[in-house]
Structures are given as C-alpha cells and as structure tokens.
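The values are calculated or read from the model by the stated rules, or taken from the named source; none is laboratory data. Not measured: the values here are computed from a predicted model. All Cβ positions, glycine included, derive from the backbone under ideal geometry; neighbour counts span all protein chains shown.
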Amino acid sequence: MSNFFNKSDLTRQDADKIVSETLNNCDDGELYLEESKSESILLDDNKIKSSNYSSDLGFGFRAISNEVVAYSYSNEISKDSLKNSSENLRSTLKSIKGTYNYEIPKSNKKFYEDINPIEQKTLDSKLKVLNKVNDFLRKKDGSVKQVTASFAGEQKSIEIIRSGGEALTDVRPLIRFNVSVMLEKNGRKETGVYGIGGRQSYDDYLKNDNWKNVCEEAFRIASVNLESKPAPAGEMKVVLGPGWPAILIHEAIGHGLEGDFNRKKTSAFHDLMGEKVASEGVTIVDDGTIDNRRGSLTIDDEGTPTERTVLIENGILKNFMQDRHNARLMNTRSTGSGRRENYRHIVLPRMRNTMMLSGNQTQDEMIKSVDKGIFAVSFGGGQVDITSGKFVFNCTEAYEINNGKIGSPIKGATLIGDGPSILKEVSMVGNDMMLDPGIGTCGKAGQGVPVGVAQPSILIDKMTVGGTKL
Amino acid sequence: MVKDQEFLKSKASYCLDLAKKMGATDASVTVGHSISETVNFRNKSLEASDRSDGLALSIETYLGKRRSSISSSNLLYENLKTLIEKCFETTKITPEDEFNSLPDKNLLAKQISSLNLYDETRFENDKKIKYLKDLEESASSNNQIINTESSFTENKSNFILANSDGFCDGYKTSSFTASCVTVAKDENSMERDYEFSSKRHLSDIKQATDLGNKAAKQTIRKLSPKKIGSEKISIIFDKRISKGMLSAFASAISASAIARGTSFLKDKIDEQVFANSINVIDKPDIIKGMGSQNFDSEGVNSNTLQLIEDGILKNYLVDTYNGKKLNLKSNGRSGGTTNLYFEKGNISYKDLMKKNSRSLYITETIGHGSNIVTGDYSVGATGFLVEDGEFKYPVNEITIAGNFKDMFKNIILANDLEFEYSVNSPTMMIEGMTVAGK
C-alpha cells in the first residue's frame, strides 16, 4: 500500500481538512490519490525492442453539486497544490449549494491479491520467455516472417478520501501477455494475434510452458487467414463462437446501458426500462466480482464495492450501470461501476466483466440450422454510436456456412448491426459460456479501462456482413 | 503558468549528468509541462469544469548498443535519482541491438525559427462559459435538437528535449479547441453529429454561433435514415473522412512498418501507388499549423517531404532506429507526420457530386477496419444517397469495403482543400467500392 503522505509537506490531517472544507456545501466528491508502477517489455523483429518502466503519482480532486462536476488534478502532491485545486473547484461551484452524502456501502471481499507483479519476477526471466516465444514460432514453420511478443505489468495503489475523513484503499495488479505473428506464403501476408491477462502474477506464463499455447493460437489464426477468401456482403445469419465475441454484447448493448447516456437521454435505451429488449432466454450481467479477472474491482474508483448487476433478465431490461453522480440524479444507487483511467480523468459509469449467460442449445445445432451465413470465432475491435444504436466489430477469424456446414475461412470483414434490435434477433443461446482470455480495453471519452466479456455460442438471425463479394 | 524553459532545462540536465555519472554512454531526456482547462456545457448550462496540470519526463539511457527507458510524472530529485538508477540497471541487462543509437549529430536541428505556435492569451473560464452559451443557443434553436453538449479547452504546453550529444531545445505551444455534439430526434430515429474547431491561436477559432449552427444542421439532416441494398457504387468521402485515408497511408509508410515487413507498401518506393493525378505532402513549417514542428521527437531537423509525386511513392517516414535498419537517413519523422495533406484536385465539389448519376456520400465511419498488412478496408458507415448531385436521403447501418491498393489508384480529389487540422484532404471520390446493406 502506498503512503501518500510521506512524500511532501502534505499531512493526512491537512488533506482531511482541505477535503472537508471544500466539499462541505457540495452533494458529493472526493480526493483520489493514485500511485502506479508499470512496465512493458517488447520483443519485435528478433530483438528486445524496448523495455520501459514508468512510475506515476498524482491526485484528482472532485466536487459535485447538482448536475455540475468540477475536477482538478495535479501530479504534485503538496499542500499548495491541493489548495490550488480546492480554489479551482470552489470557483466553479461558487453559486451552487448541495448537501453532502456521507453514505458509502462497505464490503470485506477482495477479488485479487495485493501483489506487485513487476517486482515478483526478474526482468531477465521475462526476457528469456520472450526470446523463447520468438525461437519457438520461427522454428515452427518457414512461413513465419515476423514475431512480436510483449509483457505488460502494472500495480496501481489508490486511496479515496471523502469529506469527514473516511478513507478507502485498493491495490490492483494487472498483467498482459501478447503474441502477434505474421506469416507469408505465396506472396500473401496475414497476421494472427492472441493474448491473455488478468489481475494476477506472471507466474502462470513464466513457470510453465503456458506461453506455448498462446503462440499456437496466434499461429493457428494467422494460418487460417492465409487461406481466407473474400467475405460476402449483405444481410445473413451469423453464428458467434463463445468467449471473446461477446464484445458484440459490450458494444451493442453494454455502452447503451451506462447511466450517463440514459440520464442525458442520448442512449437508444433510455426509455426502454422494464421492456423487452432481447429474445427470451437472453440474460446479461455486468460483474465486477470474479476473482482475478481483468475487469474485476474490489472497489470502484469512487470507493463503492463492485457487484454483479443484472442488466437484462430473460429478455427484459432491468438495470443501468451507475456511478454515484448519475445514480443520485436518477434517484437510484451506484452499482459500483464508477471508473476512471487514472487520476487525470473524471469518473464515468463503465462496464467491468459483461457476460451473456448460458442457454441450453449447442453450437452444432446452430450451424446445422443455417443455409447461408457466417461463423465468427474471433474479433478485433468494435465501436458503437450510442445515439443511433448502430455498432460494428471486425472479424479476425470467420468462416462461411453453407447448407449447415462450416466452409472456407473468410477475410476480415466488419459486421454492422442495430443495438436495440440485435438481441431480438438472437434465436439460439448455447450451453457453452466462456470467459474471454483477459485482453479487453474499453475506450470512452478518451479514457481506456481494462474490461472483460463472456458469452456462449449464439445464433443471430439477421446481421449485415461487410465483405466485398456480392 | 506553464513552467519556463529554465526550469525544464535544469531538470533535463540533472538527469543527463546523473546518467553519465552512473556510466551511461549516451542518454536523452524529454521534460514537458502542460496546463489545460476545460469547461463543459450541456443543454445550455454548465456541466463540468476540469483543470489539469501535469509534468512528464522520459529518459533513455544507453550502454553502447544497449538501451532502455523510463518515464515518470514525479520530478522530485529524490525520485528521479531512483528512477535513473533503475533505468540504467535495466539497460545493463537488456540485450544489444546494433541499430540503437542517438540520431546522427549532423541531422540535428540547428536553427529554430518561430512558427508562431504559442498564443499566450488567457481565455478565462467565464469567457469560455459565454462562448459555450452562445454556441448552444444557436445549436438548439431548431426544436428537433433534443440535446446539446459542448466544451471549450485551452491548453498551454512547454517542453525541452536534451541529449548527451549536446542537443537541448524546446518551445511552447498552445491550442484552443471548441466542440459541439448535438442529438436530434424525430418520430423514426435519434441521431447524433458534431462539429469542432481547434487552433493554435484563440482569434482563429470559429464563431460560436457558426459552430453550433453547423453541428445542428449536420445532425438534423441525418434523421429518418434508410438502409440501402448491397451493391458496387461510387463513394464520395466528406473531408472529415477523406483525411483518414491519409492517416492510413501514413501508418503504412512508417519506417517501422516497412522494416518489420508488415505494410502493404513495403518495397514500393518509385512505384505507382496512387492515381497519377495525386500528390501527397508533409510540411512541418506551416505558420500556426496544428502539426507544425521545428524538429522531431529525437531532435532531428524536419523538412518538407513530398511523399507521393504524380501517384508515385517517393519517401517513407523515417526515424533513426528504423532508418539504420533500412539503411536510410532519418528525415525527421520520429513521431510521425507533421502537417500532412493531399494537394487539391482540379474538379469542383459540385462537379464531383454530379460526376455519377448515383453515388453514396459518407460523413462518418465507425470501427477499426483498416489492415495495413494486407491493405484490406471494411468499416461501418453513415451518409447520404446522392442522385444528380443532390442529397436524396440519409443512409445508415451499412458497411463499405475495398482494398487500399485499389482504392488509392481510383481516387479523384475535388479542389476544396483547406488547412484546418494536422491532416487535411479535399473531398474525395473512389469508384468501384462495395457497399453491404440489406
């Protein structure tokens, strides 16, 4: 745990006093202190290309009254600097008075350990694994022309000080291991990427030969793509594989169910609470409480313990995801979804691990039921226009389906759909729910936060596939 | 106030001296300070204010051909000492790479001319509030607009780049950005669009009312969109989308993508990659330019580069490390392009719109559908169906797809180039792309 009060002239008593004085006449707010240490080591083009270590320290001070949020941050933790911020907040809110809400739920549960993954292992041991990855893949097949592999590790310590002196702390580890391989055959080049990660130590990948599985998977995806044909264009049936393809849920549904867009009525879902937004059998939750997952948090960035929030239950819209600010304005409670990238940013309601739960059909049944369509196994990024509800994502591994059988692999194509209606097109839900490998980063308002997704195989009756073949 | 050159220089030279003292053969350091203040409005009232004040430092230490780096926002001498020790310890065990080195001394920038990139005008928050009030007043004047959000950001930055070969320079920059997002609604749909203006100098920012009106107009015309069928059709890219083609092109000619062999434009120097009417230029010395710079992120002098001449690829974007790999001299593009643009074409916007009896005009794309290894392109799109030069109706929930290799060779540019951003393009037409819809 970081001690933020041995670094300068600022004592905890000073901080408590300034925070209480500043937030006295506000509805909510807090001082957020953060220290993070991170490393990234990259092997590329047969060499260790970079090894970077970074340390960051700072605070963000927030005051909220009515609908107005005032925010000020600095990377200088000192009495002067905090006082400057306090004045800045007060000048914005000078004419708006509020009543401070001291209430914040408590929990003793923890979903990851207080570890520093960077210091647990020597740099040398990480370099060795990266070199092994490179040798392994290049020896594997003559078509391997480029290998990139990286480790990224982080430890973030936060402390939240609320008016009245209440303090909440959390220490969050996070690691990521990634392999990208480019193959070249008959003048054609294709890449395959695979990675893993979570709030854990590097142990699993350094101790055993687990890194080999990551290499094999990246190689397999690239090999499939070497054989790919142009993708079809137009509306058709789409079978999504389990696990990572759940970024469809994240883009199509998840963002539209974040509290801020609904309070502002800019989400296509804002007037659909309690209504049927998905086929029967579709249940979607956003869960911050799964051990060691990338999107899990013991407390959110406002200090609220996270939870498993049911968003859609058997097709019916049940809840939005809320931070304290939007919850207060919508007369509801925070779901522990208040997150920020770091102390430089304001809190927004965000997703954690967004999951569609299993049904009782099999992937085989789905494929057999399709005359003409595609089977999408893995995706790159996605994006959504919250207001119109239209969302896209890009296939990185997909196949044609003809007459109930999986056919040739197809080239990366964008799939586009309509968020509020897509889940009504879900006609089968598989019994094979799977978590993603721990690689997701969600972007919103210029802030990236780690998230997870999960889903079983699903059959969507109608989606537009953005290929080139008419 | 943003920290002055003397303060940043003292931090930089402390780091360089310390690294040398510890035994580093070379070192380079960048120290920067940035202050920015933003005011956010929503539906004509204040929603948020945000002040940020941040220092940042990054150091690279070398031991012969070994190199590693650290970065931090904590500039207390005690912390810097710990970090530099850690950095140099890491350097010692990082494997050698024959291409690691500081830039060639004779390529470093020598004379810094003023590009007028700093405007010291202070635009107080009260004035920002007045600007945003006016903006949202005009944005919401039509009752189909149901939500307006706008913001004004003022930023002042200063930096110093120093290395152990004696380079030590930096300068202040400023930027002022006003933006507006509007939501419109009718009985069939809800749509969002935006407009923004970003400049080095406050006086060059667009009028608040113009910005608000434009955002509203662009949003309202998107209401009640239709989906069209899947077909091959000529596509006209609005300027805000056509400049994205240049960004994709720039990433495909970065020396790093070329050296790694992961670009569809590898080994294409002196070959035809665009239609022969096309010229692409990267010009770092535009006065008040949003992408202007006196030197790149390694201190290397950057001159104007003709990247495409009559459709032929003439230059890659070269930094020191990848340049050495490719046996090329750095052309001052570590950190990418500066002010990148297509030279204007010779057909008017009006004539371009009329060129085909039926075409699709794209105003927004979503998704990350550019693959620079293969050149494949597939994105979600929103726009308008154009018939006989006129917008017929709005279109959405479609994708457009092609391959850059073919797309680049079929580009036709209008003559409406303006220098608004760091990447600029005239309106563009590409024939023969595939639209996937119904």
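Residues that are over 20 Å from A:LYS469 (Cα atoms), within 14 Å of chain A (Cβ to nearest Cβ), surrounded by 16 or more Cβ atoms within 10 Å (Cβ to Cβ) and hydroxyl-bearing (Ser, Thr, Tyr): does the stretch B:331-353 have at least one? Break it down into steps so the answer makes sense when it comes.
Filtering the stretch B:331-353 down to residues over 20 Å from A:LYS469 (Cα atoms) leaves B:331-353.
Imposing the further condition that a residue be within 14 Å of chain A (Cβ to nearest Cβ) reduces the set to B:334.
The next check asks that each one be surrounded by 16 or more Cβ atoms within 10 Å (Cβ to Cβ); those that pass are B:334.
From the residues that got through so far, the ones that are hydroxyl-bearing (Ser, Thr, Tyr) too are B:334.
Yes, the stretch B:331-353 contains at least one residue that is over 20 Å from A:LYS469 (Cα atoms), within 14 Å of chain A (Cβ to nearest Cβ), surrounded by 16 or more Cβ atoms within 10 Å (Cβ to Cβ) and hydroxyl-bearing (Ser, Thr, Tyr).
Taking the stretch B:175-228 only, how many residues are assigned to a strand (DSSP E or B) and surrounded by fewer than 16 Cβ atoms within 10 Å (Cβ to Cβ)?
Pass one, the stretch B:175-228, residues assigned to a strand (DSSP E or B): B:175-185, B:190-199, B:226.
From what is left, the residues that are surrounded by fewer than 16 Cβ atoms within 10 Å (Cβ to Cβ) are B:226.
Total meeting the criteria: 1.
Say we look at the stretch A:91-118 and pick out the residues that are in contact (Cβ under 8 Å) with a residue 24 or more places away in the chain and within 11 Å of chain B (Cβ to nearest Cβ); which of these is nearest to B:ARG51 (Cα to Cα)?
Here the answer is A:THR92.
What residue, of A:LYS37, A:LYS49, is of a type in the set (Lys, Arg) and either closer than 30 Å to B:LYS325 by Cβ or within 8 Å of chain B (Cβ to nearest Cβ) (or both)?
Answer to the selection: A:LYS49.
I need the full set of residues from the stretch B:391-423 which are touching a Phe, Trp or Tyr at 6+ places or on another chain (Cβ under 8 Å), crowded, with 21+ Cβ neighbours inside 10 Å and either within 30 Å of B:LEU117 (Cβ to Cβ) or of a type in the set (D, E, K, R) (or both), in order please.
B:LEU413, B:ALA414, B:VAL423
Can you give me the number of residues within the stretch A:374-393 that are closer than 19 Å to A:SER421 by Cβ and either away from chain B (no Cβ under 14 Å) or outside any strand (DSSP E or B) (or both)?
Qualifying residue count, the stretch A:374-393: 5.
Which condition breaks for B:ASP26 when tested against (1) closer than 23 Å to B:THR320 by Cβ; (2) among the acidic types (Asp, Glu); (3) within 14 Å of another protein chain (Cβ to nearest Cβ)?
Unmet condition: (3).
Does the stretch A:1-34 hold any residues that are away from chain B (no Cβ under 13 Å), surrounded by fewer than 18 Cβ atoms within 10 Å (Cβ to Cβ) and assigned to a loop (DSSP other than H, G, I, E, B), and which are they?
Passing the criteria: A:MET1, A:ASN3, A:PHE5, A:THR11, A:ASN24, A:ASN25.
Looking at the stretch A:257-271, I want the residues that are of a type in the set (Asp, Glu) and have a partner that is modelled with pLDDT of 95 or more with Cβ atoms under 6 Å, at least 6 apart or on another chain. Which pairs are those?
If the second residue must be modelled with pLDDT of 95 or more, the pairs left are A:GLU258/A:MET321; A:GLU258/A:PRO349; A:ASP260/A:ASN326; A:ASP260/A:PRO349.
Could you run through the stretch A:145-167 and say how many residues are touching a Lys or Arg at 6+ places or on another chain (Cβ under 9 Å) and surrounded by fewer than 20 Cβ atoms within 10 Å (Cβ to Cβ)?
Final tally of qualifying residues: 5.
Just checking, which of B:ILE59, B:ILE129 is surrounded by fewer than 19 Cβ atoms within 10 Å (Cβ to Cβ), touching a residue at least 40 places away in the same chain (Cβ under 8 Å) and either under 30 Å from B:LEU202 (Cβ atoms) or under 27 Å from the mean Cα position of the chain (by Cα) (or both)?
Criteria check complete, one pass: B:ILE129.
Yes or no: the stretch B:203-225 includes at least one residue that is within 14 Å of chain A (Cβ to nearest Cβ), within 22 Å of B:ILE241 (Cα to Cα) and free of Cβ contacts under 8 Å to residues at least 24 places away in the same chain.
Scanning the stretch B:203-225, I find no residue that is within 14 Å of chain A (Cβ to nearest Cβ), within 22 Å of B:ILE241 (Cα to Cα) and free of Cβ contacts under 8 Å to residues at least 24 places away in the same chain, so the answer is no.
Check every one of the strands (runs of 3 or more DSSP E) wholly within the stretch B:305-378 and list those with 2 or more residues that are hydroxyl-bearing (Ser, Thr, Tyr).
B:358-366
Quick check, is A:ILE175 within 21 Å of the chain's Cα centre (by Cα), within 30 Å of A:SER223 (Cα to Cα) and either β-branched (Val, Ile, Thr) or assigned to a loop (DSSP other than H, G, I, E, B) (or both)?
So A:ILE175 passes the test.
Can you name the condition, by its number, that A:ASP170 falls short on among (1) part of a strand (DSSP E or B); (2) over 30 Å from A:ASP28 (Cα atoms)?
(2)
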